[in-house]
1. Would a scan of the range A:177-200 turn up a residue that is hydroxyl-bearing (Ser, Thr, Tyr) and on the phi > 0 side of the Ramachandran plot?
2. Of all residues being touching a residue at least 24 places away in the same chain (Cβ under 8 Å) and out of contact with any Ser or Thr (no Cβ under 9 Å at 6 or more places or on another chain) in the range B:79-99, which is surrounded by the most Cβ atoms within 10 Å (Cβ to Cβ)? Just the residue, please.
3. Given the options A:Gly103, A:Gly133, A:Gly137, name the one that is open to solvent by less than 10 Å² (accessible area, probe 1.4 Å) and more than 14 Å from every other protein chain (Cβ to nearest Cβ).
4. The conditions are (1) among the hydrophobic types (A, V, I, L, M, F, W, C); (2) within 19 Å of A:Lys383 (Cβ to Cβ); (3) open to solvent by less than 50 Å² (accessible area, probe 1.4 Å), and A:Ala265 fails exactly one of them. Which is it?
5. Step by step: first the residues of the range B:224-248, then only those that are assigned to a loop (DSSP other than H, G, I, E, B) and more than 17 Å from the chain's Cα centre (by Cα), then the one that is nearest to the other protein chains (Cβ to nearest Cβ). Which residue is that?
6. Could you list, in sequence order, the residues of the range A:165-189 that are hydroxyl-bearing (Ser, Thr, Tyr) and either without any contact (Cβ under 8 Å) to a residue 24 or more places away in the chain or open to solvent by less than 10 Å² (accessible area, probe 1.4 Å) (or both)?
7. Suppose the filter is more than 14 Å from chain B (Cβ to nearest Cβ), in contact with a Ser or Thr (Cβ under 8 Å, 6 or more places away or on another chain) and surrounded by fewer than 23 Cβ atoms within 10 Å (Cβ to Cβ); does A:Asp313 pass it?
8. Does A:Gly192 count as assigned to a loop (DSSP other than H, G, I, E, B), surrounded by fewer than 24 Cβ atoms within 10 Å (Cβ to Cβ) and in contact with a His (Cβ under 7 Å, 6 or more places away or on another chain)?
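The values are calculated or read from the model by the stated rules, or taken from the named source; none is laboratory data. Note that the structure is predicted; figures quoted are calculated from it, not measured. Please note: Cβ atoms are built from the backbone with ideal geometry, for glycine as well, and neighbour counts cover all protein chains shown. For the accessible areas, the whole protein counts, side chains as well, though only heavy atoms, and no ligand, DNA or RNA atoms are used. Shrake-Rupley method; radii C 1.70, N 1.55, O 1.52, S 1.80 Å.
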Amino acid sequence: LLTTSAMMAAVRLLLRTGSSSSSFSCVHSGFGATLLRLSPSCSSRPKTQKRHAAHFTYQPDPVPAEYGPTVKMNLFQSVTSALDNRLATDPTAVIFGEDVAFGGVFRCTVGLRDKYGKDRVFNTPLCEQGIVGFGIGVAAAGATAIAEIQFADYIFPAFDQIVNEAAKYRYRSGNLFDCGNLTIRAPWGCVGHGSLYHSQSPEAFFAHCPGLKIVVPRGPIQAKGLLLSCFADKNPCIFFEPKILYRAAVEQVPTEPYHIPLSQAEVVQEGSDMTFVAWGTQVHVMREVATMAQEKLGVSCEVIDLRTILPWDVETICKSVVKTGRLLISHEAPVTGGFAAEISSTVQEQCFLNLEAPITRVCGYDTPFPHIFEPFYIPDKWKCFEAVKRMISY
Amino acid sequence: QVHLTRCQQPFDSSVEKPQFPGASAEFVDHLEFIQPNVISGIPIYRVMDRQGQIINPSEDPKLPKETVLNFYQKMTLLNTMDRILYESQRQGRISFYMTNYGEEGTHIGSAAALEPNDLVFGQYREAGVLMYRGFPLDLFMAQCYANADDLGKGRQMPVHYGCRDLNFVTISSPLATQLPQAAGAAYALKRENSNRAVVCYFGEGAASEGDAHAGFNFAATLECPLIFFCRNNGYAISTPTDEQYRGDGIAARGPGYGMLSIRVDGNDVFAVYNVTKEARRRAVAENQPFLIEAMTYRIGHHSTSDDSSAYRSVDEVNYWDKQDHPISRLRHYMTACGWWGEEEERAWRKQSRKLVMEAFERAEKRLKPHPDLLFTDVYNEMTPGLDQQRESFWRHIQQYKEHYPLDLYEK
């Protein structure tokens, strides 16, 4: 941004002003901001540097009537609400992880430590295998353990504890012991600039592990109801929260506790020509694709939010494919070995003769999640729309 | 307990004292590395010498005769069970076994110092703890034979015991995973105000795992009433300790985590008892973890899949078997007290062998669990998908039944 001579000129200017805050030890943005203002090449930002618009339009759910009074909440606030409800009703419940005490890096635990005490909402050392192992122990001892992993990308040190221990605790002990009281929460999915290690969707790694439950909400109303169900469920649950929706997704969310059942997919939009299956953020992409398909192609698409990845609702998906004859599954995670492969395999087994076209997967490429190439990497509405066109004319 | 909280005083750079949040220490102006001391390491606490004589009478726990006899009988019963089950594996009757030879003192001494409702997390070489608590021979055998009486429903390899009633969490094969779990359990028990402690056993090899570091750090920072009990028996399968660590064993790591630590002669059942008792008392009273490193020796092979003559000498093993064995040392003590002699030894050997053989014969005859139990307890409730798999399984079995060993299993 700056040439050396421009930078030196700026430095001399600042030193000449003589105030103590302009010394090189000045920490705050004054120096940097001043330099940026002084630079001629900064006065017009090139087109490429404007932040890319989101790849989806958030579609809020209607206000639920059956769960009592509602309040406008975004996704992270709906998570806070679920945590608040659980800690209020379950004296054994504790929340722990990195930085949860001050409110969390995504503000999901704001206010909870003050309200419930430092023995119930507390920071742990920076150690994911410890966070999950500790959580298993809390749960095995009969208390409700709510563990936070700061980003799903960092869940892998805990993979052994999750797969070899948590998932198998009940089975291997002959039901003498279990960690059903354990829920692990983690921010998940692309966020526009997250790159390799702040964008991952690792559900497929865990979907291969009997004994776990894996849940991904598409918005605040779903998140709170599903998260409360995870807390209540007597099996270890992993709850992935689409971080791009933390602020972007706003709905009227019931303040009282309510439970949305696990292992039940939801048809968010009915249709007759094609079935879309997605979860999390991608549900909103697919809703938009359904609109595009209707308007531009006259194709009626049934959009299903899978909600629980494991154990997944085979019946609802198959029932839809029997009706429509075509299935498109879409997720951000890389296509090879992604969860769409499991859905595809099961559906072709059970609905083979009903299929009018091969099952299509529109997913991330088989690469790590890239930084500057994110707009090209993600399974956006254009890629999905193109897949619809191919399938409808098969 | 003193722990350092964030400094509340305002920062004062006019005074030449460190202000760093990360450490409470003075400045020093000469460069000197801290030398780790492995030549003269942390000393080993003991009560008896190798001949079972009390060294310092004030350290003798002066346990009553019945208690001491019980220690001896449990250690020898474990030894007898080990011999018979090891042999049964060699004969193809069970698939696998791990003996506890030489480490009986660590089990019984520590188990005796705990309360019955203290929660135990083990690794795999702590059967004596379960035996001390009253787990019957029939159930040890049932687990090893994976028969229909197994509390674990036949799902795990032999020696992966568990018993809810005796507060012994089911063993799992991955090493050191129990350490952070023990910290979590201790934290939950602390919140219950139940005055229960957690004890977590592991070997010096498992202590190299990342989970061990996690467990120590969490237990210390979260102030858990927990005893970490390390059995340092000299080997992790074939790997001797000088290839496992370069520092002064496991006890020396404790202070690095801010944990009170001690090293003890694991073959001295009274020393193990004293140390565990005091650690337990303080862990619960002060809500902090303790690290006990019990030095011992693994006289047996790692397991029935191991032949340790491949990596150590018979002489080395014989030294420990003959000259420093927890059972012999206790017997010398009992003999010196006039509580045990040749006759009692003969009678007990006969009786303990009979008890083990009878349990063994019963276990051998018992059917295996019903194959339906392959499919249950994956979740708390059967899922539709698993139900379908189970139905498909039985249809297959029905058609091909002569190829499956159904007669061995409950119908």
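1. Among the residues of the range A:177-200, at least one is hydroxyl-bearing (Ser, Thr, Tyr) and on the phi > 0 side of the Ramachandran plot, which makes the answer yes.
2. By that ranking, first place goes to B:Ser88.
3. The conditions single out A:Gly103.
4. Here A:Ala265 meets the rest and fails (2).
5. Restricting to residues being assigned to a loop (DSSP other than H, G, I, E, B) and more than 17 Å from the chain's Cα centre (by Cα), the top hit is B:Cys224.
6. A:Tyr169, A:Ser173, A:Thr183
7. Working: more than 14 Å from chain B (Cβ to nearest Cβ): no; in contact with a Ser or Thr (Cβ under 8 Å, 6 or more places away or on another chain): yes; surrounded by fewer than 23 Cβ atoms within 10 Å (Cβ to Cβ): yes.
No: the conditions fail for A:Asp313.
8. yes
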